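Asks: Please read through the structure below; I'll follow up with questions.
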Amino acid sequence: MKSEDRGIAPELPSSDGTIGVLLVDDQPLLRMGFRLILEGESDLRILGEASDGAEAVRLAGELKPDVVLMDVRMPVMDGIEATGLIVDSGSAARIIILTTFDLDEYAFSALRAGASAFLLKDVAPEELVNAVRLVASGDAVVAPRVTARLLETYVRKGADGSAGHVAPPKRDPLLEDLTPRELEVLGTISEGLSNAEIAHRFFLSEATVKTHVRRILTKLHLRDRVQAVVYAYETGLVIPSQGLDY
């Protein structure tokens, strides 16, 4: 995920106050189940369904969803490639990857491609609804700690378990735009701390922390907090199991 390729999505949800959702899965029964759950909420509306990644890319461009629920293993085009194409198109949609287990190579690849979160397919109905709302608001669905654990598994190791590169990448020049406090906050985001926990650590108000987070995302051209965690690992700001490398 190169810094020049990242873009900040416009504020969500849609102007009419509802959150438009695109369902993407090659299993009709699973799409039906998600539709039944989400359509029961007055602030959520299903804009369309796709059975493969290519169709998802087309419909994302036509329907302008706020959130895409994206399976990863599909015919024609998988969810990882579809996620990258949707993000690179400049779409405002935030993408939630559906996976079968949390330490999944596909989930890792999808986060690198620009997904905002991932959920297990057996997620409870209330958790699914909450996840869609959170992602639409720009917040993290999966605890950043889980994201960090996923990244530790795959960033420094190959997907086949082989050792990855040891030397950290060259420091991103964009980091020079961050203040010392913003660097500290970015570090704590990468640790998986919530706004409340960051506020407690630095003796700040949550409102101040939110301001810092927003400025960090803007300066680094990141879409959300989960992408900030991915960024910190991919740029070598965080070395797995070794803490921050300032």
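The values are calculated or read from the model by the stated rules, or taken from the named source; none is laboratory data. Every value quoted in this text rests on a predicted model; they were computed, and no experiment measured them. Neighbour counts are summed over all protein chains in view; Cβ atoms, including those assigned to glycine, are modelled from backbone coordinates with ideal geometry. Each accessible area value is taken on the protein alone, full model and side chains, heavy atoms only, with ligands, DNA and RNA left out. Shrake-Rupley method; radii C 1.70, N 1.55, O 1.52, S 1.80 Å.
Asks: Testing ALA228 on (1) touching a helix residue (DSSP H, G or I) at 6+ places or on another chain (Cβ under 7 Å); (2) of a type in the set (Gly, Ala, Ser); (3) modelled with pLDDT of 90 or more, one condition comes back false. Which one is that?
Replies: Only one criterion in (1) touching a helix residue (DSSP H, G or I) at 6+ places or on another chain (Cβ under 7 Å); (2) of a type in the set (Gly, Ala, Ser); (3) modelled with pLDDT of 90 or more is unmet by ALA228, namely (3).
Asks: Another question, then. From the set of residues in the range 111-128 that are open to solvent by 30 Å² or more (accessible area, probe 1.4 Å) and in contact (Cβ under 8 Å) with a residue 24 or more places away in the chain, which is nearest to ASP71 (Cα to Cα)?
Replies: Within the range 111-128, the match that is nearest to ASP71 (Cα to Cα) is LYS121.
Asks: Right, something else. Restricting attention to the range 63-85, which residues are within 17 Å of ASP26 (Cβ to Cβ) and in contact with a strand residue (DSSP E or B) (Cβ under 8 Å, 6 or more places away or on another chain)?
Replies: Of the residues in the range 63-85, the ones within 17 Å of ASP26 (Cβ to Cβ) are 68-83.
Listed by number, the residues that qualify are VAL68, LEU69, MET70, ASP71, VAL72, MET74, GLY79, ALA82, THR83.
Asks: Which residues, counting only those in the range 35-51, are under 21 Å from MET77 (Cα atoms) and open to solvent by less than 40 Å² (accessible area, probe 1.4 Å)? Full working, then the answer.
Replies: Within the range 35-51, the first condition is being under 21 Å from MET77 (Cα atoms), and the residues that meet it are 47-51.
Across the range 35-51, the qualifying residues are GLY48, ALA50.
Asks: Pull up the range 58-92, narrow it to residues that are polar (S, T, N, Q) and without any contact (Cβ under 8 Å) to a residue 40 or more places away in the chain, then point me to the one that is surrounded by the fewest Cβ atoms within 10 Å (Cβ to Cβ). So that I can check it myself, show each step before the final result.
Replies: Our first condition is that a residue be polar (S, T, N, Q); within the range 58-92, this holds for 83, 89, 91.
Okay, now just the ones that are also without any contact (Cβ under 8 Å) to a residue 40 or more places away in the chain, so 83, 89.
Details: THR83: 30, SER89: 12.
Ranking the candidates gives SER89 first.
Asks: Keeping to the range 86-102, report how many residues are closer than 18 Å to GLN27 by Cα and touching a Lys or Arg at 6+ places or on another chain (Cβ under 9 Å).
Replies: 3
Asks: Let me ask another. Which one of these does PRO144 not meet: (1) at pLDDT 75 or above; (2) in contact with a helix residue (DSSP H, G or I) (Cβ under 8 Å, 6 or more places away or on another chain); (3) surrounded by fewer than 23 Cβ atoms within 10 Å (Cβ to Cβ)?
Replies: With (1) at pLDDT 75 or above; (2) in contact with a helix residue (DSSP H, G or I) (Cβ under 8 Å, 6 or more places away or on another chain); (3) surrounded by fewer than 23 Cβ atoms within 10 Å (Cβ to Cβ) applied to PRO144, the lone miss is (1).
Asks: For the range 97-106, which residues satisfy the criterion of being open to solvent by less than 20 Å² (accessible area, probe 1.4 Å) and out of contact with any helix residue (DSSP H, G or I) (no Cβ under 6 Å at 6 or more places or on another chain)? Reasoning before the result, please.
Replies: Going through the range 97-106, the residues open to solvent by less than 20 Å² (accessible area, probe 1.4 Å) turn out to be 97-99, 104.
Within the range 97-106, LEU98, ASP104 qualify.
Asks: Another question about this same structure. Go through the range 190-231 and give me each residue that's without any contact (Cβ under 8 Å) to a residue 60 or more places away in the chain and under 22 Å from GLY90 (Cα atoms).
Replies: Initial filter on the range 190-231 (without any contact (Cβ under 8 Å) to a residue 60 or more places away in the chain): 190-216, 219, 228.
Selection gives VAL213, ARG214, ARG215, ILE216, LYS219, ALA228.
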